[in-house]
Amino acid sequence: MKRVTLVLLSIFSIAALFYAVRLRAAETGFPIYFEDSTLIVTPQIVNRTTYLPLIDIVRHLKLPYTDAVTLETFTIRGPNTRLVLTKNSGLISVNDQIVLMRNPILRENDEWLAPVEFLSQGLARVSGIEFRNRPGTARVFAGNVNSSELVMNAQALGPVTRLTLRSEKPVKLALTREGQRAVFKIDPAPIDPLRERLDPRDRLLRSIAFDDADGLPKLVAETTDLVTDIRVTPAEDNHVYFIDFARTAAITGNAPTAPVVAPPSPGAPAAPPDAGQSVRGIRVIVIDPGHGGTDAGGQSGTTLEKDLTLALARKLKAALQVRLATTVLLTRDSDVELTNEARSAVANNNQADLFISLHIGYSLNKLESGSSVYVMKDDFAANFSPTASRDRLFLPWYLGYRSSRNASQQIARNFQEDLSKALPGWKFPLRSGPIAVLASATMPSVALEIGNLNNPVSSQTLQDPAFQSRVAATIASSIERFAGSHQGASSF
């Protein structure tokens, strides 16, 4: 008897605690996107659960309903369905069949409130409309609403912090600035972001959050007072945007950096060196560590190509900064995934004088070297298919490489000669092919494949930090030799 009493007291205590929590209005609106309209409702929060005003939604759908105050029930009728709700109960009746929800229907201050899950578990049955909501997000998509999925990633790239946006469908961005806040309006709606917020918290960008509380999607970026310029560059027919938050050299105390500009049009000649370019002819170098994120590249046991390329890129960056005292940028400095377009755009947008993409070789023949020095294939345009996938390594879509192909072949020969001498037994044949990451680069550009991950000895050697430093020093020496003779990109 005592145990039963304790159980009952516990139940009453939990119930009392639930109803002791006061309803509070959420700080923003909650959009429900229909095919022909958008309904903005004011949500209420109770026990960390989002509740929506039920009558507003039912009226928008033009469904008949009955609010029985005395019986404390709410009935919604559809063509062939009757849905009955009861105050403060998680049990709903659909044509006299009981459905149990995780959270109860509430009636507070003469207002019926339904948890978000009720839309899919209850209202969909009577309206015939499917409702979709990502857990933890403040929006619902109804019926056949054609939303565009949005992916965003923030990354520090030397003198800029870059926000990369990729939209499932082409969109337009409109930028407005309010002090240290930048607002990017996105058109058209609706937008379905995979992440609601990023918090890079670096020297330039504190946070960026998606907001569509009024039904108009936008990104709100909170910047620091070091940001002096924001550049928005579209790519891939407005499916991708690169947003660069930049600071001046005077603020950072670093050497002058290349301006961030929109990528040149396909096939356009590279920009000529400006007055600030070093006497060696190399001012900005971009190093691309191949693969990253879910794209691990080649693999040998627990050794991943994406990790080796990043380690090698960091060592090469340090070696180049010592040898040439030049600006060196990495397309990625962490384990993130980038498209080929995003990688080459780092070089184009920063008017780089050299672009090097690093990869680790892999051959089914364990005895092969696997190493290669790649440049773009000159007759690529004849076989180009613009409808093909953009994300495969050997499937480019721009022809920017043509403006610098002679210089690319020159630096490739340097790499071939110097690496073959520095690494006896490691062959580095010079090859050409339709390499996607090089296709849109408008400066001398080369892809290096080093070693063979499928060769146990080669794989172990590639993991040796001393060997990585040796490779980086050799590549830096080749670039230094190239810089002494480079007179700018050659034309068609």
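The values are calculated or read from the model by the stated rules, or taken from the named source; none is laboratory data. Here the structure is a predicted model, which means the values were calculated and not measured. Positions of Cβ are backbone-derived with ideal geometry, glycine not excepted, and every protein chain shown enters the neighbour counts.
The sole residue among Val160, Val151, Val140 that is at pLDDT 95 or above and out of contact with any Ser or Thr (no Cβ under 6 Å at 6 or more places or on another chain) is Val140.
Where in the range 58-154 are the strands (runs of 3 or more DSSP E), entirely inside, with at least 3 residues that are surrounded by 13 or more Cβ atoms within 10 Å (Cβ to Cβ)?
Numbers: elements: 65-68, 73-77, 82-86, 89-94, 97-108, 111-115, 140-142.
Because the criterion is at least 3 residues that are surrounded by 13 or more Cβ atoms within 10 Å (Cβ to Cβ), the strands (runs of 3 or more DSSP E) in the range 58-154 that meet it are 73-77, 82-86, 89-94, 97-108, 111-115, 140-142.
Total residues in the range 196-228 satisfying the condition of being at pLDDT below 90 and part of a strand (DSSP E or B): the figure is 0.
Any chance the range 169-192 includes a residue that's among the polar types (S, T, N, Q) and within 16 Å of Leu219 (Cα to Cα)? Break it down stepwise before answering.
Looking only at the range 169-192, we keep the residues that are among the polar types (S, T, N, Q), and these are 176, 180.
From what is left, the residues that are within 16 Å of Leu219 (Cα to Cα) are 176, 180.
Yes; the residues of the range 169-192 include at least one that is among the polar types (S, T, N, Q) and within 16 Å of Leu219 (Cα to Cα).
I'd like to check something: does the range 444-452 contain any residue that is modelled with pLDDT under 90, under 31 Å from the mean Cα position of the chain (by Cα), over 19 Å from Leu310 (Cβ atoms) and assigned by TED's automatic domain parsing to the domain that holds Glu337? Checking the range 444-452: not a single residue is modelled with pLDDT under 90, under 31 Å from the mean Cα position of the chain (by Cα), over 19 Å from Leu310 (Cβ atoms) and assigned by TED's automatic domain parsing to the domain that holds Glu337.
Of all residues in the range 208-245, exactly one satisfies the criterion of being of a type in the set (Gly, Ala, Ser), closer than 16 Å to Thr164 by Cα and surrounded by fewer than 22 Cβ atoms within 10 Å (Cβ to Cβ), namely Ala209. Scan (1) in contact with a strand residue (DSSP E or B) (Cβ under 9 Å, 6 or more places away or on another chain); (2) surrounded by fewer than 14 Cβ atoms within 10 Å (Cβ to Cβ); (3) among the charged types (D, E, K, R); (4) at pLDDT below 95 for the single condition Arg3 breaks and write down its number. Exception for Arg3: condition (1).
Of all residues in the range 293-310, which are of a type in the set (Ser, Thr, Tyr) and either in contact (Cβ under 8 Å) with a residue 24 or more places away in the chain or closer than 15 Å to Leu364 by Cα (or both)? Write out each step before concluding.
Of all residues in the range 293-310, those of a type in the set (Ser, Thr, Tyr) come to 294, 300, 302-303, 309.
Residues satisfying the conditions are Thr294, Ser300, Thr303, Thr309.
Looking across Arg177, Arg162, one residue alone is in a strand (DSSP E or B) and either of a type in the set (A, V, I, L, M, F, W, C) or surrounded by 14 or more Cβ atoms within 10 Å (Cβ to Cβ) (or both). It is Arg162. In the range 298-314, which residues are of a type outside the set (Gly, Ala, Ser), surrounded by fewer than 20 Cβ atoms within 10 Å (Cβ to Cβ) and touching a helix residue (DSSP H, G or I) at 6+ places or on another chain (Cβ under 9 Å)? Scanning the range 298-314 gives Gln299, Thr303, Arg314.
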